[in-house]
Amino acid sequence: MQFMLLFSRQGKLRLQKWYVSLSDREKKKITREIVQTVLARKPKMCSFLEWRDLKIVYKRYATLYFCCAIEDQENELITLEIIHRYVELLDKYFGSVCELDIIFNFEKAYFILDEFLLGGEVQETSKKNILKAIEQADLLQEISYSTSLLC
Amino acid sequence: MALKMVKGSIDRMFDKNLQDLVRGIRNHKEDEAKYISQCIDEIKQELKQDNIAVKANAVCKLTYLQMLGYDISWAAFNIIEVMSASKFTFKRIGYLAASQCFHEGTDVIMLTTNQIRKDLSSPSQYDTGVALTGLSCFVTPDLARDLANDIMTLMSHTKPYIRKKAVLIMYKVFLKYPESLRPAFPRLKEKLEDPDPGVQSAAVNVICELARRNPKNYLSLAPLFFKLMTSSTNNWVLIKIIKLFGALTPLEPRLGKKLIEPLTNLIHSTSAMSLLYECVNTVIAVLISLSSGMPNHSASIQLCVQKLRILIEDSDQNLKYLGLLAMSKILRTHPRSVQAHKDLVLQCLDDKDESIRLRALDLLRGMVSKKNLVEIVKKLMSHVDKAEGTTYRDELLTKIIDICSQCNYQHITNFQWYISVLVELTRLEGTRHGHLIAAQMLDVAIRVKAIRKFAVSQMSALLDSAHLVASSTQRNGICEVLYAAAWICGEFSEHLQEPRQTLEAMLRPKVTTLPGHIQAVYVQNVVKLYASILQQKEQAAEPEAAQDVTQLMVDRLPQFVQSADLEVQERASCILQLVKHIQKLQAKDVPVAEEVSALFAGELNPVAPKAQKKVPVPEGLDLDAWINEPPSDSESEDEKPKGIFHDEEQRHAKQRLPEADEEELARRREARKQEQANNPFYIKSSPSPQKRYQDMPGVEHIPVVQIDLSVPLKVPGMPMSDQYVKLEEERRHRQRLEKGRKKKKTKEKGKPRRHGSLHTESDEDITPAQQVDIVTEEMPENALPSDEDDKDPNDPYRALDIDLDRPLADSEKLPVQKHRNVDTSKCADKEDVPVVEKKVKKPKKKEKQHREKEREKTAKGKEKEKSSKHKKKKHKKEKEEKSKDKKKSKKKLPSDEAAEPVENGALDEEPLPPMSSYCLLAENSYIRMTYDIQGSLQKDSQVTVSVVLENQSRSFLKNMELNVLDSLNTKLARPEGSSVHDGVPVPFQLPPGISSEAQFVFTIQSIVMAQKLKGTLSFIAKNDEGSTHEKLDFKLHFSCTSYLVTTPCYSDAFAKLLESGDLSMSSIKVDGISMSFQNLLAKICFHHHFSVVERVDSCASMYSRSIQGHHVCLLMKKGEKSVSVDGKCSDSTLLSNLLEELKATLAKC
């Protein structure tokens, strides 16, 4: 996977994760182009489109579009599965997630994604393991946070 | 409760936390930019503070702003500060910010190296994890080089959480620093059998990604992956493995055959669509690579097509889309199977989703036949009318043209129909593809002689109709067709019904609004028309009419002379002068038509687009040599402007010049015919050669068969292609009736067909409306077949095309950070002790590790790979653990062997019982020595002897030194400056119970004979009672086998080798063997370094190569109780010695 974008129906970016190294300008250009293309598509259309030499796989959940760019040989259906799995993870973590959760806790959304994917490859397929890792890291954060305050 | 209070107070202490920022931005919708610049100022203040918590908070806010599109690269250094915070909370934020905004161009990134290294080795797995995650986003070549070794160590971390992250990130490291691939690969391979499924799947992921790019280097892993595939139940992993096999099979067709069965089973059984789709895709890829066409595979194709049909029929648009996509892959190789589902594809053309329609269009190309082309195009034309977006309409247009023109217009039976379709397409407005239509018109008119008359009539109608000219003012590509129309009408003006009318149409003032290059063609072709009118009028003896036409030209041409386009202006000026001159001559009643027509005499032949490129350079011509002396560096640049003349002009020049020498031309033509007749790839322009050369001089030899027109040539007004559908049906019906009648009477005479062999039966029944010859494009004689290499030299994955089976060289070690300059032997010694202690403390952990190691060992035995040994050199610490483990596993060996069931796997290379190539060298109460000898293909006169030394006593062994008595042929490589009597020190010491491996290099001259060297190991044994000087004598046996290096060989290369006849032959037979052939083979391969080329039942061919490049081929057959081995080798002595050694091994079985 080359990158993942989350954006709202209004085209506002909510999360971006790049697994290829690009300059900020290039990233912005790509983002703008993809957001436009995806938003222009009608609801009944299929979730795949060809863009440059990549394939874009996207899916809409409530007000948010989840959008991944994959290479030619990658499997579109498994990418949809990845998106769905990520949504499930967010849902479990936040407890029926909504766009606002991701806006206000965007760093958590990143942490969850980082436990799920690494370098664009699936790192852990078990939802339980991912949530466990996140919980423990959060706990560690709380501890180090409180110790930093007390010391 | 207390915590919350403290937290609250801290929050207040911060000027603004992330939530406040987000809320603020949402509340300042109108002046967002202003608000944010205010926030950034605040953040800058916060970053200046010393409190790390405040800094981290600021960085967190910056990360959010970065997502909104604000530049935060100025804070890169602050981000690094936060990354290096000791508290996980802040570190996490720092790494997140870095992963979001660092890229290869960030210059401060090099400052992070040491921080990252520190975090990687942190005792907290979450610190390490967060560093790995961050690194995966911003790793640069420098970071990859510096940290490769650290990450590689993490691949063997005790926590699977770290292991899987380290394994995954290795892929990014390989991409940035390809040199790390070979040193890290053995460990990566071990991870394929990691006990933790997450690590295992990570390793599968990485190797699949690597192999997808450079499959040939990973063929040796196929058996391992095959086992994983048949045993794994994790769909994520399965998909990756199946994808990997898709990449491997084109290189190894035998693998493909094995794969079909398990894959079809999966297709039948799986309920996961993603897996099903992957399987279908791979089956398709496999079947494409098995192009030899095995009949029983049609079942697999049928299965795929059936499953895809289910996908396409599904109401889920996604499945429909993918189904069509996969279908188009099948279409390329098995068009028949797909054609059966034409109905479905046509149905998808009506889908409301454009992307699905586009996919269906792709498929149509393969669906058309002579029979249904008209019908399909009709359908597409109706879509063109309905289509909303221009992109889709343009796509339709190109598809129509593509479908019709494919394979040299193979499917078109009626070119009148095709011309009408093209003309109809010109009514499309706003298309970008006017030039495509124009190119088709030109191509058809030039190459299909029989259609010219009709084409000309249609084109003149186009020129006459105003809509195209009118549309040229809008930004519109369709006026391009006028280019073609004008040229066709001019070039083939003899077919014009009303040339005068067309001439006037071309001289209308409106024409000057057209683009320059079109006007230029107009001007040129106006003269052609004019010439033909003059001729006509003069023949008809109507001088007034002729003068009238001249006057028209003189009146209208000046409008072109004023053109802003140079080309138009120049042509028009020339022609105007010419016409004025003609006018003068006409006034004197001089007949001019003959001479004017001579300007355009002769006919143009179509020339293949690549013809120019393919003209071979004559022998002795050096294109780079100077013809004249190079000019002095004068300033005058008299480069000729390029590209002013259009294609058409070039054609004029090319065609007309050589006619000067008729004889030469005739000679060449004969030669070409000869060649074409002999060339099976040349599509003959006509199957009736007798008819072809009926004394027709020059270009006239291009055959034109008489047309039997069943359709009126002139369709009144603008033609509608629809009319042809009906006409065509009637015609076919008539034909069928006729045929029925004819059959009764006589056998039909062989009708000339264009591409008979390519048609389906039903196609052949349809005779073309016109017997049309499609003139083949001309190519120069001796055209060179040019194979362009399309590989992109900038492909980042190219660097990873690395042979992984070659053993590691010293220079390839990963750079390790060293702070100490201490002698390595001492260093190793120091490290030994703590390791042992640690192990004692944590017996549980050790046991676990041990189990892992054992697994690795077994895996290695199976793989017949020894490269891991080389890796060991680098990691002394590990090495020692390993060789110790090795010992243990070896002791267990017999029971293992018995326990391991012989699997009846489907691959040739079945898993082998674990084996060790180490054999006993010498043993006493202190020490036990085992050794193995390995050669390398890179060094033809060197072998490496690895000696494992195991301390069996309670004493501490040190000052070990190994010495041998050199022979003339074999010598121990000693350090520089030492004499032949000096020993080579062993670079480590051995505490009680520890074993370690030392390597010694020997140089060898001849390798055809086995040899034994006497040697001594001397050492000091130290215990509580004091130290003694001890020694142990041994005999080092260099068998011929030890000079062989396992080298894979493909069966075709093997066959060639055997056929070459350069090899001498010898054979042996051994009786009384009870072991199964499978194990026998494995044993021979392992101990004697052979690789299996092919195996059929109980007969196998094997190959190996000596370090000096001798080929050794074996054919082993097993009878009831005996085994016979036939050997062929480039050296007979070597062969007989090898066979003797084989005999000894077999005798033990």
Original post:
Of all residues in the stretch B:417-429, how many are part of a helix (DSSP H, G or I) and touching a Leu at 6+ places or on another chain (Cβ under 8 Å)?
Top reply: 2
Original post:
Out of the residues in the stretch A:48-68 that are open to solvent by less than 10 Å² (accessible area, probe 1.4 Å) and within 11 Å of chain B (Cβ to nearest Cβ), which is nearest to A:Ser96 (Cα to Cα)?
Top reply: A:Val57
Original post:
Mind checking which pairs have a first residue in the stretch B:515-541 that is under 20 Å from B:Asp589 (Cα atoms) and a second that is open to solvent by 50 Å² or more (accessible area, probe 1.4 Å) and modelled with pLDDT under 90, Cβ under 7 Å, 6 or more apart or different chains?
Top reply: B:Ala531/B:Leu599; B:Ser532/B:Glu494; B:Ile533/B:Arg500; B:Glu538/B:Pro591
Original post:
Can you find even one residue in the stretch A:96-108 that is over 25 Å from B:Gln19 (Cβ atoms) and either in contact (Cβ under 8 Å) with a residue 40 or more places away in the chain or open to solvent by less than 10 Å² (accessible area, probe 1.4 Å) (or both)?
Top reply: no
Original post:
If you check every pair at least six apart or on different chains, which have Cβ atoms under 7 Å apart with a residue in the stretch A:1-18 that is within 8 Å of another protein chain (Cβ to nearest Cβ) and over 23 Å from A:Ile78 (Cα atoms) first and a residue that is buried (at least 17 other Cβ atoms within 10 Å of the Cβ) and charged (D, E, K, R) second?
Top reply: none
Original post:
Pairs under 8 Å by beta carbon, first residue aromatic (Phe, Trp, Tyr) in the stretch B:79-101, partner in a loop (DSSP other than H, G, I, E, B) and open to solvent by 10 Å² or more (accessible area, probe 1.4 Å), six or more apart or different chains?
Top reply: B:Phe88/B:Ser124
Original post:
Filter the stretch B:58-77 for residues that are closer than 23 Å to B:Ala33 by Cβ and open to solvent by 20 Å² or more (accessible area, probe 1.4 Å); which is farthest from the other protein chains (Cβ to nearest Cβ)?
Top reply: B:Trp74
Original post:
All but one of (1) of a type in the set (Val, Ile, Thr); (2) crowded, with 24+ Cβ neighbours inside 10 Å; (3) more than 20 Å from A:Glu71 (Cα to Cα) hold for B:Ile169; which doesn't?
Top reply: (3)
Original post:
Conditions: (1) over 23 Å from B:Ser1091 (Cα atoms); (2) crowded, with 20+ Cβ neighbours inside 10 Å. B:Phe185 meets all but one. Number of the miss?
Top reply: (1)
Original post:
In the stretch B:183-236, which residues are closer than 22 Å to B:His157 by Cβ and among the basic types (Lys, Arg)?
Top reply: B:Arg187, B:Lys189, B:Lys191
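Here's the yes/no breakdown for (1) farther than 16 Å from B:Ile80 by Cβ; (2) within 10 Å of chain A (Cβ to nearest Cβ); (3) open to solvent by 20 Å² or more (accessible area, probe 1.4 Å); (4) of a type outside the set (A, V, I, L, M, F, W, C):
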position	(1), (2), (3), (4)
B:Val108	no, no, yes, no
B:Asn114	no, no, yes, yes
B:Ser121	yes, no, yes, yes
B:Gln125	yes, yes, yes, yes
B:Gly129	yes, yes, no, yes
B:Leu135	no, yes, no, no
B:Ala144	yes, no, no, no
B:Ile151	yes, no, no, no
B:His157	yes, no, yes, yes
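If you go through the stretch B:239-258, how many residues are farther than 19 Å from B:Tyr1050 by Cα and open to solvent by less than 10 Å² (accessible area, probe 1.4 Å)?
Initial filter on the stretch B:239-258 (farther than 19 Å from B:Tyr1050 by Cα): B:239-244, B:246.
This time we only want the ones that are open to solvent by less than 10 Å² (accessible area, probe 1.4 Å), so: B:239, B:241-242, B:244.
Residues in the stretch B:239-258 being farther than 19 Å from B:Tyr1050 by Cα and open to solvent by less than 10 Å² (accessible area, probe 1.4 Å): 4 in total.
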**OP:** Residue by residue through the stretch B:1068-1080, note down the ones that are surrounded by 14 or more Cβ atoms within 10 Å (Cβ to Cβ) and not β-branched (Val, Ile, Thr).
**Re:** B:Met1075, B:Phe1077, B:Gln1078, B:Asn1079, B:Leu1080
Original post:
Name the residues in the stretch B:970-982 that are crowded, with 16+ Cβ neighbours inside 10 Å and assigned to a loop (DSSP other than H, G, I, E, B), would you?
Top reply: B:Arg974
Original post:
Going by the structure shown, is A:Glu71 under 25 Å from B:Leu168 (Cα atoms), more than 11 Å from chain B (Cβ to nearest Cβ) and among the charged types (D, E, K, R)?
Top reply: no
**OP:** Could you please let me know if B:Lys176 is buried (at least 22 other Cβ atoms within 10 Å of the Cβ), of a type in the set (Lys, Arg), within 11 Å of chain A (Cβ to nearest Cβ) and closer than 19 Å to B:Ser99 by Cβ?
**Re:** no
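Would you pick out the residues in the stretch A:85-108 that are away from chain B (no Cβ under 11 Å) and part of a helix (DSSP H, G or I)? Give the derivation first.
Going through the stretch A:85-108, the residues away from chain B (no Cβ under 11 Å) turn out to be A:86-99, A:101.
Listed by number, the residues that qualify are A:Tyr86, A:Val87, A:Glu88, A:Leu89, A:Leu90, A:Asp91, A:Lys92, A:Tyr93, A:Phe94, A:Glu99, A:Asp101.
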Original post:
Do we find a residue being part of a helix (DSSP H, G or I), open to solvent by 20 Å² or more (accessible area, probe 1.4 Å) and away from every other protein chain (no Cβ under 14 Å) anywhere in the stretch B:313-324?
Top reply: yes
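Within the stretch B:230-247, identify whether any single residue is of a type in the set (Phe, Trp, Tyr) and within 23 Å of B:Arg336 (Cβ to Cβ), and answer yes or no. Break it down into steps so the answer makes sense when it comes.
Initial filter on the stretch B:230-247 (of a type in the set (Phe, Trp, Tyr)): B:236, B:245.
Add one more test, that the residue is within 23 Å of B:Arg336 (Cβ to Cβ), and what stays is none.
No, the conditions are met nowhere in the stretch B:230-247.
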Subject >> the stretch B:350-379, residues that are under 17 Å from B:Leu311 (Cβ atoms) and not in a helix (DSSP H, G or I) >> reply: B:Asp351, B:Asp353
**OP:** Of the conditions (1) loosely packed, with under 14 Cβ neighbours inside 10 Å; (2) farther than 20 Å from B:His341 by Cβ, B:Leu275 clears all except one; give me its number.
**Re:** (1)
**OP:** Please indicate, with yes or no, whether at least one residue in the stretch A:24-43 is of a type in the set (Gly, Ala, Ser), surrounded by fewer than 13 Cβ atoms within 10 Å (Cβ to Cβ) and without any contact (Cβ under 8 Å) to a residue 12 or more places away in the chain.
**Re:** yes
Subject >> Close pairs from the stretch B:13-35: first polar (S, T, N, Q), partner modelled with pLDDT under 85 and surrounded by 12 or more Cβ atoms within 10 Å (Cβ to Cβ), Cβ under 7 Å, at least 6 apart >> reply: B:Asn17/B:Asp11
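Which is under 18 Å from B:Ser1027 (Cα atoms) and modelled with pLDDT of 85 or more, of B:Asn951, B:Asn963?
Details: B:Asn963 fails: under 18 Å from B:Ser1027 (Cα atoms).
Testing whether each residue is under 18 Å from B:Ser1027 (Cα atoms) and modelled with pLDDT of 85 or more leaves just B:Asn951.
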**OP:** Determine whether the stretch B:1125-1138 contains at least one residue that is out of contact with any strand residue (DSSP E or B) (no Cβ under 6 Å at 6 or more places or on another chain) and closer than 15 Å to B:Val1070 by Cβ.
**Re:** yes
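The values are calculated or read from the model by the stated rules, or taken from the named source; none is laboratory data. Since this is a predicted model, take the numbers as computed values, not measurements. We place every Cβ from the backbone using ideal geometry, glycine too, and count neighbours over all the protein chains shown. Accessible surface is based on the protein model in full, side chains and every heavy atom, while ligands, DNA and RNA are left aside. Shrake-Rupley method; radii C 1.70, N 1.55, O 1.52, S 1.80 Å.
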